1. Count neighbours as other Cβ atoms within 10 Å of each site's Cβ, and list the trypsin sites (Lys or Arg not before Pro) in the stretch 240-289 that are DSSP loop with at most 16 such neighbours.
2. So what J values fall out for the stretch 75-83 if you push phi through Karplus, 6.51 cos²θ - 1.76 cosθ + 1.60 with θ = phi - 60°, rounded to Hz, Gly and Pro as x?
3. How do M319, M205, M213 line up, fewest other C-beta atoms within 10 Å first?
4. In which sequence would L297, L134, L314 go, from the one with the fewest C-beta neighbours within 10 Å to the one with the most?
5. Counting pairs of alpha carbon atoms under 8 Å apart in space and at least six apart in sequence, what relative contact order in percent does the stretch 127-270 give?
6. Would you mind pulling out the separation of the Cα centroids of the stretch 320-343 and the stretch 258-314, in Å?
7. In what order do W185, W255, W87 fall by count of nearby beta-carbon atoms within 10 Å, going from fewest to most?
8. What pairs from K183/K257; K183/K268; K130/K337 go past 24 Å between their alpha carbons?
Amino acid sequence: MTKTIVLASLVLLFSTISNAEKLVVSLGTGGITGVYYPTGGSICRIVNKPGAVHGIRCALEATDGSVSNINRVQQGFLDVGIAQSNWVYHSYNTRRTNSIKAQSYNRTKITQSGTDTIDEPIQPLSSESKLRTLLILYPEYFTLIVPRDSSIHSFDDIKGKRISMGTAGSSLRATMDDLLLKKGWTLSDFSQVLNLDASEQASAMCQGRIDVMIYTVGHPSAAAREATEDCDSRLVGVQGPEIEQLLAENSYYRWAKIPGAIYRGNVKSITTFGVNATLFTSTAMSEETAYSLVKSLIENLAQFRTMHPAFTRLDPELMVKAPFAAPLHKGVIRYFKEIGLLP
């Protein structure tokens with residue numbers, strides 16, 4: 001009898017361990033100086049709170065950002081990702097082939113004399129996307145920062161300058177590809193193109209290695225704060241006919257204002273455009289897991305809002321407001337119907 005009880009206990013123990021392993025959810029974020037990384041960390045802290053009864057453990061991963069996260073979720077290397085809504089949309093719909101072709105731009109690497117072209121295309125986006133939205137998080141802003149005495153006063157002024165396009169798979173690279181297509185520009189229209197990580201751009205600009213820091217990010221941002229505190233720099237508005245056309249053709253883009261006075265020396269609000277940071281997964285995630293993840297976040301939303309200034313305006317009604325870059329997951333629909341935010 002004793003042996004039988006011990007054997008049964010061991011079977012239950014190993015079964016519990018096995019089930020726990022299956023409930024580890026990997027979350028892809030972005031570079032450590034962006035907002036995706038602390039956003040992911042905050043989500044994992046909420047999900048992993050002591051005493052949580054959902055049985056899910058959230059594991060954080062730093063990544064190259066939006067496109068990288070989309071590729072890895074579709075390939076099954078990540079369970080959940082954070083990405084710009086425009087690139088989740090492109091991956092799910094795959095209607096605008098130019099956007100996907102743009103991701104095949106040759107990448108650049110840094111050399112002492114300038115840049116060399118290397119063949120490093122982003123993984124093609126699946127034509128049978130099974131991406132699903134979990135939540136709409138916060139707005140992200142296309143951001144230009146230049147030295148105070150720079151001749152750059154608009155997006156058009158960056159032509160012929162030394163820029164960084166961001167790393168392959170990053171949200172900046174994807175957005176810049178889209179803008180270059182709209183402007184009819186190529187990499188040869190710039191005097192130098194680097195592929196600096198977001199964490200490297202501020203120091204590169206302050207050291208005079210690049211003429212402009214280009215970043216798509218939620219504000220306030222650690223990288224933008226570094227750029228404005230370590231050297232005398234200013235934010236530049238991003239407007240113009242091509243930008244207006246881009247917004248008119250794509251519902252996931254919207255005009256936005258970067259609030260004034262959040263960075264040293266920048267007291268006025270700056271007009272630019274933006275997208276939504278989106279928490280997404282795929283149909284591979286079970287309905288119960290998606291339900292439990294979103295339920296955990298919404299039930300702890302008051303705490304979540306205190307974890308980063310970008311979260312202060314998080315609103316459950318806006319987090320499930322259409323149009324979505326990809327359809328809501330069934331588990332999310334079930335939860336929001338239960339609390340009365342979906343019919």
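1. On the way: sites: R254, K257, R264, K268; in loops: R264, K268.
Those that pass, being in a loop and sparsely packed, are R264, K268.
2. Per residue, the Karplus-derived 3J(HN,Hα) values read 8, x, 7, 10, 8, 9, x, 10, 8 Hz.
3. Numbers: M319 23, M205 26, M213 29.
Going from least to most buried by this count: M319, M205, M213.
4. On the way: L297 22, L134 25, L314 19.
Going from sparsest to densest Cβ surroundings: L314, L297, L134.
5. Values: 210 pairs, mean separation 46.6, N = 144.
Relative contact order here is 32 percent.
6. 16
7. Going from sparsest to densest Cβ surroundings: W255, W185, W87.
8. On the way: K183/K257 22 Å; K183/K268 27 Å; K130/K337 22 Å.
Over 24 Å Cα-Cα: K183/K268.
We did not get these values from a lab; they are worked out from the coordinates using the rules stated. From a predicted model like this one, the values you see are computed outputs, not experimental measurements. Note: ideal-geometry Cβ built from the backbone for every residue, glycine included; neighbour counts use all protein chains shown.
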